[in-house]
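Please read the structure below before turning to the comments.
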Amino acid sequence: MDNRPQRPDGGGAGLSPSAIDGYLAEMSRRGCTDETVRTYRRSLMKLLKYLPREDATIREGTLERWREELLRDYTVRTVNVNISAANSYLDYAGARALQLAKPLPPPEEAQPELTRSEYLRMLERANYDGNERAYLLTKVFACTGLTVQELPRLTLEAVKAGMVERHAGLPAKLPACLRSELLSYARRQAIGRGPLFVTRSGRAMNRTAVTDTIQRLACAAKIEPGKGNPRCLRKLYLNAQHEIWRSLLPLAEQSHERLIETEQLAVGWKEEMDNYITRG
């Protein structure tokens, strides 16, 4: 049975609580996480509230006007999330012509950077407070480069294997010391399988809870507001990787040149080899 919303006379795409329920049920069947479903529900209910009661229909220009309304009270990122949910619903409703294709560009502002000493201060504070969860969450983002969205993939099975699958790209390798700490944590928390960082009900921690945990630790460690979050910890990891590879590049180039010279001595063109040996 096709549960897609009916297209009203005169064009557009109708929106109602039942249409939203049908769309979100389809998203769940396609494998969307519970958190994504909840986010999209909030966005679509917000759009439904914006539409006139007597004509709850998305028409040409509706999303442009709604976006302008949202920008009065929300950040660009939040507005883009709301528009993305509306676009996805319109795709489901067979009304792609009504979508807003391009998200708003983020405002140009400098992202504060967490220093290595500040990161270590956070770990020291977590140790002092006996806050093992905050300690490990901080360390996971700074030592693996995982994103908040990928955190539920840090399961007991992944820790035992030493690798965490990413949404895209190569798996994230777990350093031996961190792997040992995570396994000890899992034993103390009686976690037998699945995600390591969970709520009391056993569900994976959501983005808000993870960020709040790290922000409270950063505040206790007297870290400047804006630095104590998973994004800055991940950037610390990426910067460290960049610096390490940059320092190794000259050594790699020297090794490659020596390899070529060795091959030249073995199989170089004879006339050139005589000149090369003479010059040497």
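The values are calculated or read from the model by the stated rules, or taken from the named source; none is laboratory data. Being a predicted model, the structure only gives us computed values, none of them experimental. Positions of Cβ are generated from backbone atoms using ideal geometry, with glycine treated the same way; all protein chains shown enter the neighbour counts.
One table, with the values for the structure above:
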item	result
Residue check, residue 196 buried (at least 17 other Cβ atoms within 10 Å of the Cβ), assigned by TED's automatic domain parsing to the domain that holds residue 233 and touching an Asp or Glu at 6+ places or on another chain (Cβ under 9 Å)	no
Pair list, Cβ under 8 Å, 6 or more apart: region 24-46 residue without any contact (Cβ under 8 Å) to a residue 24 or more places away in the chain, other residue surrounded by fewer than 16 Cβ atoms within 10 Å (Cβ to Cβ) and of a type in the set (A, V, I, L, M, F, W, C)	24/37; 28/37
Total residues in region 136-181, condition touching a strand residue (DSSP E or B) at 6+ places or on another chain (Cβ under 8 Å), more than 18 Å from residue 203 (Cα to Cα) and not charged (D, E, K, R)	9
Among the candidates 146, 120, 136, 151, residue that is on the phi < 0 side of the Ramachandran plot and outside any helix (DSSP H, G or I)	146
Unmet criterion (only one of (1) within 17 Å of residue 121 (Cα to Cα); (2) without any contact (Cβ under 8 Å) to a residue 12 or more places away in the chain) for residue 209	(1)
Those helices (runs of 4 or more DSSP H) lying entirely in region 165-280 with at least 2 residues modelled with pLDDT under 85	230-267, 270-279
Helices (runs of 4 or more DSSP H) (entirely within region 29-96) containing at least 1 residues that are small (Gly, Ala, Ser) and modelled with pLDDT of 90 or more	34-50, 76-92
Qualifying residue in region 124-131 (condition: assigned to a loop (DSSP other than H, G, I, E, B), free of Cβ contacts under 8 Å to residues at least 12 places away in the same chain and more than 27 Å from residue 13 (Cβ to Cβ))	yes
Test for residue 171: is it more than 19 Å from residue 119 (Cα to Cα), within 23 Å of the chain's Cα centre (by Cα) and without any contact (Cβ under 8 Å) to a residue 12 or more places away in the chain	yes
Filter pass, residue 98 being of a type in the set (A, V, I, L, M), at negative phi and surrounded by 14 or more Cβ atoms within 10 Å (Cβ to Cβ)	yes
